[in-house]
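Worksheet: one structure, shown below.
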Amino acid sequence: MARALRNTILTFFKLSARNSASAFPLSFGSFSQSMCSWCYGPKAERWYYAETAADETEGEICGRPNGPGDRGGWDLVGAKEYLDYRRSLYGDITHKALLVDAVGTLFVPSQPMAQVYRQFGEKYGVEFSEDEILNRYRWAYEQPWGRSRLRFVDDGRPFWQFIVTSSTGCSDSQYFEELYEYYTTDKAWHLCDPDAGKVFHALRKAGVKIAVVSNFDTRLRPLLRALKCDHWFDAVAVSAELAAEKPNPTIFLKACDFLGVKPEDAVHVGDDRRNDIWGARRAGCDAWLWGSDVHSFREVAERIGVQF
């Protein structure tokens, strides 16, 4: 029995390694990976344009044949045995902390990025179509950003000014400021899961600590307040404040430090294989892919061992 359980755990971590190694070629290559947690709504574009690519890759990643609608995910038997193993070590609650990605997991843009750029830009003479704006955005995002790998330093304005100007051909400072401020309001975003608040309350009541872990500039905290969800979390780990962007494991380790837990006691939930899954596992955390391994925060809580 012990040998069989050991083999199950080894199989689980081999699967994790395969998921990590396979993360890089998803959809648009490095473009899709870099479109993960940015503040102007690109993640919505990633969903619209990467759906087919995700269908084609996830079956291979999970060691299963691809088929129509096959979204990959955990091997259910192995996952159950792994969670049972954690319960044998830690009790009914499998993890002491939950780390949550922001854009694409906690909240999403309310409108496609290119549509917003176009609408705001009409009075400033922006003539590009939404498709043209999106293509120019892709090009701009792929360009080297100075000598630093960090796109978000402090409020991120220089980076976003470059992106907006490159995407629309408009360098009007007032146009940029209107866009920049819009993406700090609750008009630009909405929560993915309407039950998130009560689920997080139940998790914290059960002793599970929760942190947001996000590649974002310093607007993240006021945005969480605007969405009236800042009080759901015990800590916020934002890349612009920590000088580390996912998939760098440093940001996950800092989040664990903020919560006072060891990485192996935390599970991270996010929707990007490279930034969220690969990065969290490099830091020593568990990681579940939003939209594949789990589809709601209620499901996350139930896997952790908190029932409703």
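The values are calculated or read from the model by the stated rules, or taken from the named source; none is laboratory data. Computed from a predicted structure; not experimentally measured. Because the Cβ atoms are built from the backbone with ideal geometry, glycine has one as well, and the counts that use them run over all protein chains shown. With ligands, DNA and RNA removed, areas are computed over all heavy atoms of the protein, side chains included. Shrake-Rupley method; radii C 1.70, N 1.55, O 1.52, S 1.80 Å.
Overview of values
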quantity: Contact order normalised by residue count of region 112-183, Cα under 8 Å, 6+ apart, percent; calculated: 40
quantity: Reachable lysines, given that their alpha-carbon falls under 21 Å from the alpha-carbon of residue 198 and they are not under 8 places away in the same chain; calculated: 96, 209, 228
quantity: Filtered GluC sites (Glu not before Pro), region 127-182: DSSP coil and at most 15 other beta carbons within 10 Å; calculated: 127
quantity: Under-5 Å amide H pairs with residue 100, H placed in peptide plane, nonlocal only; calculated: 211, 212, 213, 269
quantity: Burial ranking of peptide ranges 103-115, 80-92 (average Cβ count within 10 Å, highest at the top); calculated: 103-115, 80-92
quantity: Calculated FRET efficiency for the pair residue 225/residue 264, C-beta based, R₀ 35 Å, to 0.05; calculated: 0.65
quantity: Sites residue 111 and residue 154 - FRET efficiency at Förster radius 30 Å, r taken between beta-carbons, to 0.05; calculated: 0.70
quantity: Residue-normalised accessible area of region 87-229, given per residue in Å² at a 1.4 Å probe; calculated: 46
quantity: Per-peptide average of other Cβ atoms within 10 Å, ordering 201-208, 269-276 highest first; calculated: 269-276, 201-208
quantity: Region 134-255, accessible surface, carbon-and-sulfur percent (1.4 angstrom probe); calculated: 50
quantity: Spatial separation of Cα centroids for region 264-308 and region 158-204, in angstrom; calculated: 24
quantity: Residue-span extension gain [residue 190 to residue 145] - 0.36 nm each, minus C-alpha spacing; calculated: 13.3 nm
quantity: Contour minus Cα-Cα distance for residue 201 and residue 123 (0.36 nm per residue); calculated: 23.7 nm
